[in-house]
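K.L.:
One structure coming up, written as structure tokens, with questions to follow.
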Amino acid sequence: MPQTCRCLIVDDHPMIRKGVKGLLLEEEQNFTVAEADSAEAALEAIRQENWDILILDVSLPDKHGLEVLKEARLLRPSLSVLIWSQYPEQEFALRTIQAGAAGYLSKDCAPSELLAAIRHITSGHRYITHTLAENIVGFMKDGQPASPHDRLSDREMEVLRLLGQGKTVSLIADDMALSVKTISTYRARILEKLNLHTTADLIRYAINHRLTI
């Protein structure tokens, strides 16, 4: 672990940021901690300073956390990122690890596990839970994703998530700064990959797999 560890917490809920910050400052004397409440604020902070660890939520108001992870890794290739999210681990963790995250934890974990993950990552290691390790081994052994939606690209996954929230193709196009035609193409690919037939099927699928958070 660095002599002084610089940590940036990115979450749009102030109570969550304060809680994690308080935990770190109470338990880790060598930490300096800053906060960001949006993707834009986080990326600006990353441009301005070389952080040792980024604790990143997936659900941000202005950009999905997976996109923030990719941009952060481009800006600071050595930056260690811990994804801390409401998404179930089995539904999203492998995708973030493949994108360069050093670890993934669900927000229902105990404070002691969050601290353990942060300590492990700031010591230069990845933090892989037992469940995620089993998923990784299964993927390497079988070459098959654990869930049908693991076959989706990151863009397709984002479109599925937004469809699951009840957004129209036009609204999704605005959110993602893409054309309606492009989003419609993504929707068609998702239907094919998931072997579904209608947008209502996609909405039910996203809700049932808790992908709409």
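K.L.:
If I filter segment 54-76 for residues that are in the same structural domain as residue 127 (by TED's automatic domain parsing), surrounded by fewer than 22 Cβ atoms within 10 Å (Cβ to Cβ) and more than 20 Å from residue 157 (Cβ to Cβ), do I get at least one hit?
P.N.:
Yes; the residues of segment 54-76 include at least one that is in the same structural domain as residue 127 (by TED's automatic domain parsing), surrounded by fewer than 22 Cβ atoms within 10 Å (Cβ to Cβ) and more than 20 Å from residue 157 (Cβ to Cβ).
K.L.:
Give the residues of segment 16-72 that are assigned to a helix (DSSP H, G or I) and among the charged types (D, E, K, R), sorted by residue number.
P.N.:
Passing the criteria: 17, 18, 21, 26, 27, 40, 44, 47, 67, 70, 71.
K.L.:
Please go through segment 113-133 and give me each residue that is of a type in the set (S, T, N, Q), more than 21 Å from residue 32 (Cβ to Cβ) and surrounded by fewer than 15 Cβ atoms within 10 Å (Cβ to Cβ), ordered by number.
P.N.:
If the condition is that a residue be of a type in the set (S, T, N, Q), more than 21 Å from residue 32 (Cβ to Cβ) and surrounded by fewer than 15 Cβ atoms within 10 Å (Cβ to Cβ), then 131 is the only one that fits.
K.L.:
State which residue is nearest to residue 158 (Cα to Cα) when the search covers only segment 191-210 and only residues that are in contact (Cβ under 8 Å) with a residue 40 or more places away in the chain and outside any loop (DSSP other than H, G, I, E, B).
P.N.:
206
Listed here are the residues, each with its yes/no results for (1) closer than 19 Å to residue 126 by Cα; (2) at pLDDT below 95.
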{"position": "26", "(1), (2)": "no, yes"}
{"position": "29", "(1), (2)": "no, yes"}
{"position": "36", "(1), (2)": "no, no"}
{"position": "45", "(1), (2)": "no, no"}
{"position": "53", "(1), (2)": "yes, no"}
{"position": "60", "(1), (2)": "no, yes"}
{"position": "65", "(1), (2)": "yes, yes"}
{"position": "81", "(1), (2)": "yes, no"}
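The values are calculated or read from the model by the stated rules, or taken from the named source; none is laboratory data. Because the structure is predicted, anything quoted here is derived from the model rather than measured. Note that each Cβ is placed from the backbone with ideal geometry, even for glycine, and that neighbours are counted across all protein chains shown.
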